[in-house]
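Novice: There's a structure below that I have some questions on.
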Amino acid sequence: MALLLRILPSLLVCVFLHDNSAWAKVDVTMPKVLEAYRGESVELTCNYTLSKIKRPPSNITTQWFVETPAEPFGKRWRIFYDNSKIKVVDKSTNYSERMDVRSGIWGTHILIRDLQVSDNREFFCQVNGMEAGFREGKTQLKVFSPPTQPAIEGVTTPIPVNNLKPSKVASCETRNGYPKPNITWYKDRRPLTPDPQRMKVDTLTTKHSDGLFAVHSTLEYQVTREDKYARFSCVVSYFVPGSVWMLESNTVHVLIHYPTTTLELKRESPPGLVIEGDTVTLRCVGNGMPPPSYFFIKIEASGSMSNLESKGDVATLNAVSRNDSAIYQCRVRSNKTLNGDHNLTVHYLDPAVVVPKDLEVMLIGEDLTATCNALSSLETSTVWFKDNQQVGTGNTLHLNNATYNTSGEYTCEVTCPSMPDLHTRGSVHIVVQGGPQLVGVQQEVQQGKGAGRMVNLICEAVGHPLPSITWNIDGSQSWHEVVSNTSDHKTRSVVSVKGTSNISALCNASNDIGTDIKYFSIEAIGRVTPAAPFQSAEGNGVIIAVIVMCLVMLAIIGGIVYCLHKKGKLSRGRSGKKEITKEKNNKEDVVVEMRMNTKKEEAVLLKAINGDKNGHHEQ
């Protein structure tokens, strides 16, 4: 009965499909394969379309299923149901808590979070459009889990070369991979070719409860003398979405036993050329294993020999000097015919000697030649620097026509091109002495400054010893120094002067050697005073018109008086005659405007014409 209930839905679906196969109008679209990593989220889509119908069905049912490996035919679990009225996420499934559903008019999207290996399965989407038909689609979800980096472990016991069968060399293990990873063995970064006579590989695969695989592999290999420096490693190959990746383990070296036939004395450190002060490590290397007992000797150029302290196959020379240059040799105590040689050369570079030494004083305009030499066992190169800037090359530096800019510390750096770490330095400090030199032209004129405004005067002087600056200002009692500073061989002073009138200023720079002077001239241009009324040509014209009218009136009055006098109506008194004949002899006052200039003065005379018809006016 239970089996019947299980297969009944499938039978009904088959009947429905058969009945509607001729007129089915639903098409379902789903991606065939989706790939993602364990722990990520993935979105499954089920989109459908309707065709050959006049209007969409009123009730479309969508169901999602997953396939399980149940026996004998497998089983489907429903995980979601949607009939356009209700949406149900089935409970008590692996996806109840990890699934988000987003339904639309033409499809359903399912988001599955925190993917597990168990999600590596097929997902089915069934769409029942009632009269529109029934369709089903599926997506194969593939889940990947990259394995851990392989851990390799080599055997610690020696392996003799005379073994007739392969011996265990190393083991390798990787964990938490899905699908099952594979392990391949390498020697010196090259894959080992399967060879039943010389190589054997045993692999053990374990599947854990979470579905992840652990793979353990053991390598057995028949070693030879040539494998004494061989490095063994294992590489894990595994699947990822759309590709195959590889992880390599560390390399291991196994100890192989074989007899000693040759010796070689090697310098392990330092690499390259040896210079004084280095610690030199010499190692005696034989081609046998286990190594025999060694001893070391030093052979001088004169042929004399001396024993060296050593520890096993290593002899250490601490803080070597040029006297340690010699031939060094290692020998086997049990076989004095075997030896290894090394010719050690210790290179050196003596401290640089600079002439002149330490400090040199020069006067402005003088010349100087400085030399820098250092004794060395190698070819040297010399470069001169000043203020971190290169100023010359070679052992000799020429300084011609010295200026204050010549002052400073000059450093020579002697290096060995073949040994950059071998270098030395020397230096000389040059001091150039001389009287002050003021910066800028000797006279500066500040123009266009209105009366009462402040003017800044700047004075800069270079010299050694460092000059001092003093000011002498004529024409202003209101001034003060606003800036006073020094740097290297330069002194700078700025004063602020109130320009109430024409001012002359003198900047005096002096030291123990001399003095230099710089002049300043300030021209203050005052405001122009408005002119008197007679300055205006229009005003003068009005006055002239008034005077003319007065003269006309006087003439008329005079005519009337004369007529009356003729008729005898007026007396001839003296006072009356005086009043009529009295004349005005005064002239208009002169008005003057002065405009100041540093070179000349100009005056303008304005005149008003008194009773003169041809009078004129200038401004």
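The values are calculated or read from the model by the stated rules, or taken from the named source; none is laboratory data. A quick note: this is a predicted structure, and the numbers were derived from the prediction, not measured. Heads up, the Cβs are rebuilt from the backbone with ideal geometry, glycines too, and the neighbour counts pull from every protein chain shown.
Novice: Has the range 323-343 got at least one residue that is under 42 Å from the mean Cα position of the chain (by Cα) and surrounded by 15 or more Cβ atoms within 10 Å (Cβ to Cβ)?
Specialist: no
Novice: Could you say which residue among Asp387, Asp358 is free of Cβ contacts under 8 Å to residues at least 60 places away in the same chain and more than 30 Å from Lys298 (Cα to Cα)?
Specialist: Asp387
Novice: Please enumerate the residues belonging to the range 86-131 that are within 13 Å of Glu43 (Cα to Cα) and without any contact (Cβ under 8 Å) to a residue 24 or more places away in the chain.
Specialist: If the condition is that a residue be within 13 Å of Glu43 (Cα to Cα) and without any contact (Cβ under 8 Å) to a residue 24 or more places away in the chain, then Arg98, Met99, Asp100, Val101, Arg102 are the ones that fit.
Novice: Here is a follow-up. Take the residues of the range 240-271 that are closer than 30 Å to Ala319 by Cβ and not in a strand (DSSP E or B): which is modelled with the highest pLDDT?
Specialist: Top of the filtered list is Pro270.
Novice: Looking at the range 359-380, which of the residues that are among the small types (Gly, Ala, Ser) and either crowded, with 16+ Cβ neighbours inside 10 Å or at pLDDT 95 or above (or both) is farthest from Gly434 (Cα to Cα)?
Specialist: Only one residue fits best here, namely Ser377.
Novice: How many residues, within the range 288-308, are in contact (Cβ under 8 Å) with a residue 12 or more places away in the chain, exposed (fewer than 15 other Cβ atoms within 10 Å of the Cβ) and either outside any strand (DSSP E or B) or of a type in the set (Ser, Thr, Tyr) (or both)?
Specialist: Looking only at that region, the number is 4.
Novice: For Thr403, are the conditions met, namely being surrounded by fewer than 18 Cβ atoms within 10 Å (Cβ to Cβ), over 38 Å from the mean Cα position of the chain (by Cα), farther than 24 Å from Gln437 by Cα and outside the structural domain of Ile513 (by TED's automatic domain parsing)?
Specialist: Criteria not met by Thr403.
Novice: Name every residue in the range 392-419 that is part of a loop (DSSP other than H, G, I, E, B) and closer than 22 Å to Asp350 by Cβ, in order of residue number.
Specialist: Gly394, Asn395, Pro417, Ser418
Novice: Given the criterion assigned by TED's automatic domain parsing to the domain that holds Lys32, crowded, with 20+ Cβ neighbours inside 10 Å and in contact with a strand residue (DSSP E or B) (Cβ under 6 Å, 6 or more places away or on another chain), identify the matching residue among Arg121, Arg135.
Specialist: Exactly one residue qualifies, and that residue is Arg135.
Novice: If you don't mind, there's one more thing I want to ask. In the range 437-450, is there at least one residue being of a type outside the set (Lys, Arg), surrounded by 14 or more Cβ atoms within 10 Å (Cβ to Cβ) and at pLDDT 90 or above?
Specialist: No, because not a single residue in the range 437-450 is of a type outside the set (Lys, Arg), surrounded by 14 or more Cβ atoms within 10 Å (Cβ to Cβ) and at pLDDT 90 or above.
Novice: Evaluate the following for Pro166: is it without any contact (Cβ under 8 Å) to a residue 12 or more places away in the chain and more than 49 Å from the chain's Cα centre (by Cα)?
Specialist: Working: without any contact (Cβ under 8 Å) to a residue 12 or more places away in the chain: no; more than 49 Å from the chain's Cα centre (by Cα): yes.
The answer is no for Pro166.
Novice: Quick one: would you say Val383 is surrounded by fewer than 19 Cβ atoms within 10 Å (Cβ to Cβ), of a type in the set (Val, Ile, Thr) and under 41 Å from the mean Cα position of the chain (by Cα)?
Specialist: It is true that Val383 is surrounded by fewer than 19 Cβ atoms within 10 Å (Cβ to Cβ), of a type in the set (Val, Ile, Thr) and under 41 Å from the mean Cα position of the chain (by Cα).
Novice: So, in the range 87-105, exactly how many residues are within 15 Å of Thr61 (Cα to Cα), touching a strand residue (DSSP E or B) at 6+ places or on another chain (Cβ under 6 Å) and among the hydrophobic types (A, V, I, L, M, F, W, C)?
Specialist: 3
Novice: Can you spot a residue in the range 464-474 that is more than 22 Å from Asn405 (Cβ to Cβ) and crowded, with 16+ Cβ neighbours inside 10 Å?
Specialist: Yes, that holds for at least one residue.
Novice: Please go through the range 52-86 and pick out each residue that is more than 14 Å from Ala132 (Cβ to Cβ) and at pLDDT below 65.
Specialist: Within the range 52-86, Ala70, Glu71, Pro72, Phe73 qualify.
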